[in-house]
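The values are calculated or read from the model by the stated rules, or taken from the named source; none is laboratory data. Computed from a predicted model, the values in this text were never measured in an experiment. Here the Cβ positions follow ideal geometry from the backbone for every residue, glycine too, while neighbour counts run over all protein chains shown. Note: areas computed on protein heavy atoms with side chains; ligands, DNA, RNA excluded. Shrake-Rupley method; radii C 1.70, N 1.55, O 1.52, S 1.80 Å.
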Amino acid sequence: MQDDTDLLLRRILTDVLGLAQGQADTFDAETGLFGHLPELDSMAVAGLLTEIEDRLDIVIEDDEIDGEMLETFGGLLEFTKSKRAEA
Amino acid sequence: MTPASWPCPLPAGGFVDEHALSFDRNRKTRLLIVPALFDEGNKLRRLTVETMRRLDSAGIDCILPDLPGCNESLQQLDRQVPTAWRSAMDAAAKQFRATHVLGIRGGCMFTPDGLPTWHYAPVKAASILRQMLRARILASREAGREESREDLAKRAREQGIELAGYPLSPEFWREFEPTIATDTARLIEQAEIGGSGLWLRAEPGEDPDQADALAAILTWGATE
């Protein structure tokens, strides 16, 4: 099965950050998220994680959430991929 | 669009004035809108009001009352319970002689009975609280404090809690947590509106196409 995590994650970030179509295509592994984008406050991150859970059908435990996985697009992608692999 | 006030019943008896936004020209079709709750209420405010403008142009009166303790309300949020919100929306429907009702997201749990009703993207209370708890845990962690969901939920049930700036009493929490919207309303799903739900946005936004779509569904349904 082809892994569509990258695509789905870009779509979720587009919805949460209100990006124009295609803008998320420019994200790379180093693109900064939490701590880099002022609009991504704790409420927005909570919403982002809930949306990832719903659309990728995974459950994220509170103690799995740390600064590293949220800091960059690459970190979030790696985390999400590993959660999907477990599921 | 004019500000209006309406007598909102108090749980202990008596009334207090609450605020509403209204497009009221004494027309035949009159829609009461129960707004989305907490943070989602802010994020969906523009869409709600833009939808009202379109309904007004289509010949429909619409009224957006505040829930007690929310928005412009002078009542304390931490004195509120869901039963009082339900009574408030019942009273608003009578006061404004509503003929139809729209609930938005968490507001769907507080739409009055007995009128033709739409529920736009309803969400249950447990999901709202789960997300607010998660935000609180993240904010605390950033500040170097570890908090667990179980401890916070226990404290919320016993002593009340402040989540994302919203103080909730233990009575509110216990009554609210199991609440879900009734399934007798006509459901409007996001797929019918197009695009993604504006409640997902990190910052409040707006989308004229979504307001057009929502107003079209309501206009068609209310005047058919």
Exercise. Which is in a loop (DSSP other than H, G, I, E, B) and without any contact (Cβ under 8 Å) to a residue 60 or more places away in the chain, of A:29, A:46, A:85, A:24?
Worked result: A:29
Exercise. Of all residues in region B:172-200, how many are open to solvent by less than 50 Å² (accessible area, probe 1.4 Å) and within 14 Å of chain A (Cβ to nearest Cβ)?
Worked result: 8
Problem set entry | Subset tally (residues that are within 13 Å of chain A (Cβ to nearest Cβ) and open to solvent by less than 60 Å² (accessible area, probe 1.4 Å)) for region B:201-222 | 5
For this session: Would you check which residues across region B:120-134 are assigned to a helix (DSSP H, G or I) and either within 14 Å of chain A (Cβ to nearest Cβ) or in contact (Cβ under 8 Å) with a residue 60 or more places away in the chain (or both) and list them?
Result: B:126, B:127, B:128, B:129, B:130, B:131, B:132, B:133, B:134
Exercise. Mind checking which residues of region A:33-52 are facing chain B (nearest Cβ under 7 Å), within 11 Å of residue A:17 (Cα to Cα) and surrounded by fewer than 20 Cβ atoms within 10 Å (Cβ to Cβ)?
Worked result: A:39
Exercise. Looking at (1) closer than 24 Å to residue B:204 by Cα; (2) surrounded by fewer than 16 Cβ atoms within 10 Å (Cβ to Cβ); (3) more than 8 Å from chain B (Cβ to nearest Cβ); (4) not hydroxyl-bearing (Ser, Thr, Tyr), can you tell me which one residue A:13 breaks?
Worked result: (2)
Seminar exercise, completed: The lone condition residue B:138 fails out of (1) over 22 Å from residue B:16 (Cα atoms); (2) out of contact with any Ser or Thr (no Cβ under 7 Å at 6 or more places or on another chain); (3) buried (at least 17 other Cβ atoms within 10 Å of the Cβ) is (2)
Seminar exercise, completed: Those residues of region A:53-82 that are outside any helix (DSSP H, G or I) and either within 13 Å of chain B (Cβ to nearest Cβ) or without any contact (Cβ under 8 Å) to a residue 12 or more places away in the chain (or both) come to a total of 5
